[in-house]
Amino acid sequence: MRPEGIKRMRTLISLLILSVAVMAGMFHTAAGAENSVSIRLDTRHPGAAIPSGFAGLSFEVALVLPGPNGVHYFRPDNLPLITLFHTLGIEHLRIGGNSSDRDAKRLPDEADLDSLFGFAKAAGVKVIYCLRLHNGNPQEDASVVKYIMDHYAPQVDCFSIGQEPSAYPVGKVDTRPPAERMGAAVEKYRYEDYREDWKRFADAIIAAAPDVAFCGPGVHNNGTWGRRFMADFGRSNHVALITEHLYPGGAGGKVPSPEIGRGRMLSNDFVRAYQKLYDGFAPVASSNALPYRLEEVNNYFNGGATNVSNTFASALWGLDFMYWWAAHGAAGLDFHTGDRIAAGSRMTPSRYTAFFTATNGFVVRPLGYGIKAFALGSKGRLLPLTVPAQPGFNLSAYAVLAPDKSLYVTLINKAHGAAAGGATVALDAGPGYARGQVLSLTAPGSDVAAQTGVTLGGVAIREDGTWEGTWTPLAPSSAGVFTMKVPAASAAIARLSGP
């Protein structure tokens, strides 16, 4: 090749290398792009306070029975569990699940109830207790309620009659697959039949325990039943609370892939499911001055989805889920949890549990960290705020004005994956706020698929239920504007105070 040709070839190669480098740089910038946003905090117009008892857990009634070693899970001397409840901020306990009703094998006796409510008193929680309706006996339920009310009324929130009655079988033999007994396509039990049964059971219970309080209807993702229940019983019959269940992702076994399952959990697909259920019953509850609670929730039902429900994605989802419902007026919610749960008629290991039993106590799963993060920033009155919309932005923000006038702002960056960027957030609290601290919820490598290594405030929650996370100081601000970075797939809680 002539020298001129060689020179031209070298020039072309150089341009090609430069082009590749520029494209790579553009890709890197797009992939790791920082989104900047300013959020104004309106402390002059606080909304309603997040109710005490908002954060709760739901367990199968089967867990109230003694274990194989004859020892109760819920007992007043189970110190690691009591400590963990306190650490996570759990103030409410719901006992139910399929093992309490349709698929009950054995129900608790008085000794089991003594142990349960002894635990409730030690842990400082109120209890919703589910009574058997399907193939149940009104007098037996009345006897259970009378015993509990005679001995443990201060620990009782209310009693539900029946577990997800809309999914009851309509024949003597339930021919539906155990994992496919929820959802409009397979739920054929009529509300009219439930209404008749509920009234018959309620009348027997009221006769035995005149001070009883009921809640219901306890159906899954069905606002219609909630509205009809309120129309029939909302102003009478000792009904004090409206309850619904929600697993916004549907059946865990039908998730196409872990990546899709985690992505849906952190997307607006889930938020649309919340909104649809809320619109279906909550405004009617409000108009009737009835509080409402989601007494059994998690991300995917039948124990969750493999490599989805037990990952860090569930921590970010759970934290956002709690604040969404708090901002929409819920009295609280109870995450269904436990080492084993009822999936249809079978007891199966739980993939969505907040924690599971270990040798020296309990190992907290990612969801448990989301619950703890909520506890740190949710004591007070919600403040109105808006996160400006930006393309590719997936940031949720919630602010709470505490009784001592300090501000807690929770930021959840649900952007994830190779193309996800961090968020730089300027919080404008006004000149009355000069000092700030921040505490972060993170997973190794900002990986939403991580199942271990999650930390809050730089540390893990120990097996004995204790936690010693630390707050990091933010730069002081005379103007009340605090700037902080929230990496992709992480959350942060800012605590702002006066001079």
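Only the coordinates and a few stated rules stand behind these numbers; no lab work does. In this text, all values refer to a predicted model and were calculated from it rather than measured experimentally. In this analysis, Cβ positions are derived from the backbone assuming ideal geometry, glycine residues included, and neighbour counts consider all displayed protein chains.
At a 10 angstrom cut-off on C-beta neighbours, averaged per residue, how do the peptides 314-320, 474-480, 257-263, 55-61 rank from highest to lowest?
314-320, 55-61, 257-263, 474-480
Given an 8 Å cut-off on Cα distances and at least 6 residues of separation, report the relative contact order of the chain as a percent.
On the way: 1099 pairs, mean separation 87.8, N = 499.
Relative CO of the chain lands at 18 percent.
What is the mean projected area of the alpha carbon convex hull for segment 436-499, to one decimal in square nanometres? Walk me through the numbers before you get to the answer.
On the way: hull surface 20.4 nm².
Computing the convex hull of the Cα atoms and averaging its projections yields 5.1 nm².
Taking a ≥ b ≥ c as the square roots of the Cα gyration tensor eigenvalues, with a/c under 1.5 meaning rounded and otherwise prolate when a/b beats b/c, else oblate, which class fits segment 204-303?
It is prolate, given that a/c is not under 1.5 and a/b is the larger ratio.
Cα centroid distance between segment 272-304 and segment 421-444, in Å?
Taking the Cα centre of segment 421-444 as reference, the centre of segment 272-304 is 31 Å away.
Looking at the chain, do any whole DSSP H helices span at least 24 angstrom along their long axis by alpha carbon and average 0.5 or above on Kyte-Doolittle, and which? Show your work: numbers first, answer last.
On the way: long enough: 3-31 (41 Å, 0.96); 191-208 (26 Å, -0.83); 268-287 (28 Å, -0.27).
Once both thresholds are applied, what remains is 3-31.
How do the peptides 346-352, 452-458, 334-340 rank, highest first, by the average count of neighbouring beta carbon atoms within 10 Å per residue?
Highest-to-lowest ranking by the protection proxy: 334-340, 346-352, 452-458.
Quick check: the distance between the Cα centres of segment 155-174 and segment 340-415, to the nearest angstrom?
Distance between centres, Cα-based: 28 Å.
Can you list the aspartates and glutamates whose alpha carbon sits under 20 Å from that of Lys372, skipping same-chain ones fewer than 8 residues off?
Partners found: Glu91, Glu295, Glu296, Asp320, Asp334, Asp339, Asp447, Glu463, Asp464, Glu468.
Quick one: what Rg and Dmax do you get for segment 55-377 from the alpha carbons, in Å?
18.2, 53
Counting only DSSP beta bridges with both residues in the chain, tell me the antiparallel percent, nearest 5.
50 percent
Sort Thr410, Thr353 so the one with the fewest other Cβ atoms within 10 Å of its own Cβ comes first.
Numbers: Thr410 24, Thr353 29.
Result, fewest neighbours first: Thr410, Thr353.
Arrange Ser287, Ser497, Ser406, Ser378 by Cβ neighbour counts within 10 Å, fewest through most, would you?
Least to most surrounded, the residues fall as Ser287, Ser497, Ser406, Ser378.
To the nearest whole percent, what portion of all C-alpha pairs in segment 371-429 is separated by more than 16 angstrom?
50 percent
Regarding segment 261-359, what are the three Cα extents along the principal axes, ordered largest first, in Å?
Reported extents, whole Å, longest axis first: 47, 27, 25.
When you count, for each residue, the other Cβ atoms within 10 Å and take the mean per peptide, how do 172-180, 356-364, 96-104 rank with the highest first?
Final packing ranking: 96-104, 356-364, 172-180.
First obtain the Kirkwood hydrodynamic radius of segment 384-473 from its Cα pairs, then insert it into the Stokes-Einstein equation at 4 °C and 1.567 mPa s, and state the resulting D in µm² per second as a whole number.
Translational D for this selection: 84 µm²/s.
Looking at this model, which pairs from Lys126/Lys146; Lys121/Lys146; Lys105/Lys254; Lys172/Lys276; Lys379/Lys405 are more than 22 angstrom apart at the alpha-carbon?
Values: Lys126/Lys146 17 Å; Lys121/Lys146 18 Å; Lys105/Lys254 27 Å; Lys172/Lys276 33 Å; Lys379/Lys405 11 Å.
In this structure, Lys105/Lys254; Lys172/Lys276 lie more than 22 Å apart at Cα.
In deg cm²/dmol, rounded to 500, what helix-only [θ] at 222 nm does the chain give when every DSSP H run of at least 4 residues adds -39500 (n - 2.57) and the total is split over its residues?
Value at 222 nm, helices only: -10000 deg cm²/dmol.
Which value does Rg/Rh take for segment 286-441 over its C-alpha atoms, Rh per Kirkwood?
1.00
Please give every one of the lysines within straight-line cross-link reach of Lys485, meaning a C-alpha to C-alpha distance under 20 Å, and leave out same-chain neighbours fewer than 8 residues apart.
Lys414
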